[in-house]
Amino acid sequence: LRLDEVRAARAATDTNLAAASAMDLVATVSTLRALAKARPELVAPRLAVLAPYLRGDNGLDECDEGAVCAAVADATAACVTIVPKHDAASLVPRLVPDLVGVAHRFGATPVASAVRCLATIARSGADCAIDELARLASWYYDALRSSSVALVGRASLVLGLACRYFARGLASMIGPRLVAAPTSRFGTVSTTLPRGSSSPSATSSSALRAS
């Protein structure tokens, strides 16, 4: 409902209403994040309702979009592992590409939330999350090795988070594997942590060797 209100306000070009609705949306998902951390069993059955907010197309400015995505990623990480298996089977494949997109697009806080959530899903054994986290880490590893100065900050953050939350999985799953560059619905990779829309030069992905 909050999302519908924000979009309606944008369409009506009512700046004050749009700003108020955006603040309400951020506050609402932030409250749900706190609830998910305190009582995950209450949020888990409704996680599919929150999932679309990870797409980053909520009609907000970049800062508020990032805040919403971070809150939803945190809420998801707190309760996704207790979602019933039959629901998770359809939900997880929808969550994973959006989490990867957040890692490419937004600032440090949303990136941290997205990678942590992706690692949480990967640790639960979801193959699609393991594969996407492997691609994400491998791609940024290659960006660092190719001396892509514009991506150093984001690449270092993503790799550090991936190693922190899924170190054993990365060592066993990525090491021997050739992976392709990741894609997302956003289509571009921000070259700065706060924001941006330019994409790096295309580079072929190579094996992420264990160091």
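What the table shows:
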{"read-out": "Filter result for Pro45 (in contact with a helix residue (DSSP H, G or I) (Cβ under 9 Å, 6 or more places away or on another chain), more than 22 Å from Arg123 (Cα to Cα) and open to solvent by 10 Å² or more (accessible area, probe 1.4 Å))", "value": "no"}
{"read-out": "Answer from Arg164, Arg185, Arg177 - the residue that is open to solvent by 50 Å² or more (accessible area, probe 1.4 Å), assigned to a helix (DSSP H, G or I), among the basic types (Lys, Arg) and at pLDDT below 90", "value": "Arg164"}
{"read-out": "Answer from Ala134, Ala112, Ala126 - the residue that is aliphatic (A, V, I, L, M) and within 13 Å of the chain's Cα centre (by Cα)", "value": "Ala112"}
{"read-out": "Any hit, the stretch 60-80, residues being more than 23 Å from Leu161 (Cβ to Cβ), of a type outside the set (S, T, N, Q) and open to solvent by 50 Å² or more (accessible area, probe 1.4 Å)", "value": "yes"}
{"read-out": "Test: residue in the stretch 113-126 that is assigned to a helix (DSSP H, G or I) and farther than 21 Å from Lys37 by Cα", "value": "no"}
{"read-out": "Total residues in the stretch 26-37, condition under 12 Å from Asp74 (Cα atoms) and either open to solvent by less than 70 Å² (accessible area, probe 1.4 Å) or not basic (Lys, Arg) (or both)", "value": "8"}
{"read-out": "Test: residue in the stretch 51-58 that is outside any helix (DSSP H, G or I), out of contact with any strand residue (DSSP E or B) (no Cβ under 6 Å at 6 or more places or on another chain), open to solvent by less than 10 Å² (accessible area, probe 1.4 Å) and not charged (D, E, K, R)", "value": "yes"}
{"read-out": "Residues satisfying the stated conditions in the stretch 92-101, i.e. in contact (Cβ under 8 Å) with a residue 40 or more places away in the chain and either outside any helix (DSSP H, G or I) or touching a Ser or Thr at 6+ places or on another chain (Cβ under 9 Å) (or both)", "value": "Leu95, Pro97, Asp98, Leu99, Val100, Gly101"}
{"read-out": "Yes/no for Leu136 being assigned to a helix (DSSP H, G or I), open to solvent by 50 Å² or more (accessible area, probe 1.4 Å) and either under 20 Å from Thr31 (Cα atoms) or among the hydrophobic types (A, V, I, L, M, F, W, C) (or both)", "value": "no"}
{"read-out": "Of all residues making up the stretch 81-104, the number that are open to solvent by 20 Å² or more (accessible area, probe 1.4 Å) and under 9 Å from the mean Cα position of the chain (by Cα)", "value": "1"}
{"read-out": "Every residue from the stretch 113-128 that is closer than 21 Å to Gly66 by Cα and crowded, with 22+ Cβ neighbours inside 10 Å", "value": "Ser113, Ala114, Val115, Cys117, Leu118, Ala119, Ile121"}
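The values are calculated or read from the model by the stated rules, or taken from the named source; none is laboratory data. As the structure is a computational prediction, the values presented were derived from the model and not from experiment. Positions of Cβ are backbone-derived with ideal geometry, glycine not excepted, and every protein chain shown enters the neighbour counts. We work out accessible area using only protein heavy atoms, side chains counted, and drop any ligands, DNA or RNA first. Shrake-Rupley method; radii C 1.70, N 1.55, O 1.52, S 1.80 Å.
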